[in-house]
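Working notes, structure below.
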Amino acid sequence: AKKAGRSCFRFYTTAIQEKAARHLQLVNALRVALEQQQFHIHYQPQLSMAGGQLVGAEALLRWEHPELGNISPAEFIPVAEDCGLILQLGEWVLRHAVRQARQWREQGLALVMGVNLSAVQFRQPDLPALVARILQEEGLPASALELELTEGVAMYDPQQAIAVMNVLHEQGVRMSIDDFGTGYSSLNLLKQFRVYKLKIDQSFVRDIVTDPEDRAIVAAIIDMAENLGLLTIAEGVETEEQLSWLRAQGCDELQGYLFSRPLPAAAFAAYAQQHQPA
Ligand code: C2E
Ligand code: CA
Ligand code: CA
Ligand code: CA
């Protein structure tokens with residue numbers, strides 16, 4: 001037993017060393033990536049349940065490294081948060097997504113642009129000023145921007161988070177809660193959040209057809225949102241069965257592979273041609 005324990009330990013330290021090496025490799029690569037413009041953004045359509053029209057887009061960051069290949073944001077965003085580069089990277093995404101939304105608007109495609117915001121960005125005292133400046137410089141009305149926040153933004157300092165949301169709300173910017181249901185959220189806090197939409201996490205949506213517990217959770221989220229005057233969007237919708245259950249339940253909006261994967265800007269514009277708002 002002792003022997004097994006020791007080899008297990010060795011395996012464990014090796015895994016940690018490998019993880020640390022990869023982390024360091026990504027930190028160094030991220031610094032260069034910003035300068036060399038290795039990032040681009042894909043846009044995933046968001047549709048209304050009622051008419052199936054395109055109502056929004058979520059901006060999702062993509063990183064194509066010349067040697068390491070495509071690296072998932074699920075891997076590199078936490079690294080960027082650890083080393084502080086998330087501030088520069090987040091500002092880059094915000095500016096380019098806002099610019100894209102303004103260009104589409106000029107071409108007659110009006111939609112709400114959703115941008116993911118890291119909790120680290122959210123804690124910057126100058127965030128509302130930064131958002132206002134980018135909207136002004138790029139020429140987009142505040143109401144065309146939706147910031148996607150996770151429940152985690154309020155963990156550090158709830159009163160501060162609520163104050164920042166109030167300022168952004170006064171500026172006319174929309175906010176939604178991303179991955180809703182997975183975080184640690186107090187309903188009492190939710191009441192004070194200036195959000196207008198809850199994004200139901202895909203981990204619940206995945207099994208709504210087969211799992212009674214996930215069904216109960218999603219039904220409860222939709223009911224609660226309705227009672228609080230909030231909209232709901234289901235993420236990760238992949239099947240017709242999920243769609244019809246969500247429709248019966250009264251979910252307002254949809255996003256997922258059933259409709260479209262996240263697309264490069266040009267492909268998104270082509271998709272939009274077929275799903276123009278009425
Ligand atoms: P998220 O904000 O929850 O984004 C939704 C993720 O689900 C995206 O993964 C999207 O491609 C994927 N997805 C969409 N529809 C489906 C579906 O029907 N089935 C399945 N299985 N997946 C679907 P992606 O693009 O890999 O992004 C992963 C996460 O990385 C995001 O999760 C978000 O937390 C983070 N992220 C991406 N871009 C940014 C960014 O610009 N800033 C920040 N702070 N985080 C970002
Ligand atoms: Ca999101
Ligand atoms: Ca999400
Ligand atoms: Ca997520």
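Each value in this text was obtained by applying a stated rule to the coordinates, not by laboratory testing. These numbers come from a predicted model, not from an experiment. So basically every Cβ, Gly included, is an ideal-geometry build from the backbone, and we count neighbours across all protein chains shown.
Tabulated data
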read-out	value
For Q53, distant residues with modelled amide H under 5 Å away	S48
Efficiency of FRET from Cβ geometry, R261 and R31, R₀ 35 Å, rounded to 0.05	0.75
Unit charges on C-beta of K, R, D, E only; dipole of the stretch 119-237, Debye	320 debye
Rounded to 5, percent antiparallel among DSSP beta bridges of the chain	40 percent
Structure-based [θ]222 nm, the chain - -39500 (n - 2.57) summed over DSSP H runs of at least 4, per residue, nearest 500	-16500 deg cm²/dmol
In Hz, Karplus ³J(HN,Hα) per residue of the stretch 125-133 (6.51, -1.76, 1.60; θ = phi - 60°; x = Gly, Pro)	x, 8, 4, x, 5, 4, 4, 4, 5
Neighbour count of at most 16 Cβ within 10 Å plus DSSP loop: longest GluC sites (Glu not before Pro)-free window in the chain	68-237
Sparse-neighbour loop sites [chymotrypsin sites (Phe, Trp or Tyr not before Pro); the stretch 127-233; at most 16 other C-beta within 10 Å; DSSP]	Y156, Y184, Y196
Global form of the stretch 96-200, assessed from the alpha-carbon gyration tensor, a/c cut-off 1.5	prolate
Cα-based shape type of the stretch 205-272, given that a ≥ b ≥ c are square roots of the gyration tensor eigenvalues and the cut on a/c is 1.5	oblate
Global form of the stretch 8-154, assessed from the alpha-carbon gyration tensor, a/c cut-off 1.5	prolate
Qualifying chymotrypsin sites (Phe, Trp or Tyr not before Pro) in the stretch 214-278, DSSP loop, other Cβ atoms within 10 Å at most 13	Y257
Integer Hz, Karplus 6.51/-1.76/1.60 couplings in order for the stretch 101-108, x for Gly and Pro	4, 5, 5, 5, 4, 5, 8, x
Label-point separation in nm, E137 to Q17, each point 7 Å along Cα→Cβ	4.5 nm
Projected area, mean over directions - the stretch 144-278, Cα convex hull, nm²	9.2 nm²
